Amino acid sequence: MEMAARRVPPCPPPPRSPTSQGPAVLDPEKTPSHPKVALQQPSHKKASLKSTKLFRHFRSVFRSFPIISPACKIPVLLHNSRLNDVHIHGGTRMTGTLFGHRKGRVSLAIQESPRCFPIFLLEMAIPTSKLLQELGLGLVRIALECEKRPEEKIKLMDEPIWNLYCNGRKMGYAVKREANAEDLNVMQMLHAVSMGAGVLPSEAIDLPDGELTYMRAHFQRVIGSKDSETYYMMNPDSNTGPELSIFFVRI
């Protein structure tokens, strides 16, 4: 008795493995809007639980903070890039990025290197367009002040709320916050950029707040005391671009 031959259904073709030849074309309906974040952890990780609780506590009362003029508190930085060495002697080199939508507010991210997660991120009330206008004039000094509270032992850069001044004019407040998905997406897109400025691409067609602009540079971090810290932007000797200094002061 002959055994009937069994028909075996054909095997489905194996799934194609992604290739590494060039960037893939993303379909916004089938793929996430942000690329995978592959940033590195900084060498000194900061605990954010305490600062987060403090932020929640002070956010409700930050409007009652006194406004103190920084005229006598902030040193004057001369408009000469060759004199920067006098101010930044002994400082630590960091990466600083100012970014934000043209019609929105600007944020400041400080990293150990362009490939690391931000160790400090500040959202400032100054509009991005206003800051770009000030940078076009050549000299920008941003002063961030907060009130000293002797009964609370908080590191200067862990303070949650700051009074914000730009070139001596009160510009509102600045708030320290944790990096969100959009912030990390910006850091990831700029991970290969050490210095530069421009506009970041976006998949969105309609941008109600305008294009996302950025300016990245090396900064020298100078710690004056436990209540003062300064970041001086470094310009190459051959570059006559804007000079930017950011002062953190607790008074």
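Here are a few things to note about the model shown:
- Positions within the stretch 186-203 being farther than 26 Å from residue 144 by Cα and touching a residue at least 24 places away in the same chain (Cβ under 8 Å), in sequence order: 188, 189, 191, 192, 193, 200, 203
- Residue under evaluation residue 161, criteria (1) of a type in the set (Val, Ile, Thr); (2) under 18 Å from the mean Cα position of the chain (by Cα); (3) surrounded by fewer than 18 Cβ atoms within 10 Å (Cβ to Cβ), criterion not met: (3)
- Filter result for the condition that a residue is crowded, with 16+ Cβ neighbours inside 10 Å and part of a loop (DSSP other than H, G, I, E, B), over 174, 143, 179: 179
- When 229, 134 are screened for being of a type outside the set (Gly, Ala, Ser), in a helix (DSSP H, G or I) and within 20 Å of residue 247 (Cβ to Cβ), only 134 passes.
Here is a yes/no grid of residues against (1) out of contact with any Lys or Arg (no Cβ under 6 Å at 6 or more places or on another chain); (2) in a strand (DSSP E or B):
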residue	(1), (2)
106	yes, yes
113	yes, no
118	yes, no
122	no, yes
126	yes, yes
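- Here residue 151 passes the criteria (1) assigned to a strand (DSSP E or B); (2) without any contact (Cβ under 8 Å) to a residue 60 or more places away in the chain except the one numbered (1).
- Applying the criterion of being in a loop (DSSP other than H, G, I, E, B) and among the aliphatic types (A, V, I, L, M) to the residues of the stretch 199-214, the residue that is surrounded by the fewest Cβ atoms within 10 Å (Cβ to Cβ) is 205.
- Condition check for residue 209: touching a strand residue (DSSP E or B) at 6+ places or on another chain (Cβ under 6 Å) and more than 20 Å from residue 123 (Cβ to Cβ): no
Each reported figure results from applying straightforward, stated rules to the coordinates on display, with no laboratory input. Keep in mind the model is a prediction, meaning the values are calculated, not measured. Virtual Cβ from ideal backbone geometry, glycine too; neighbours counted across all protein chains shown.
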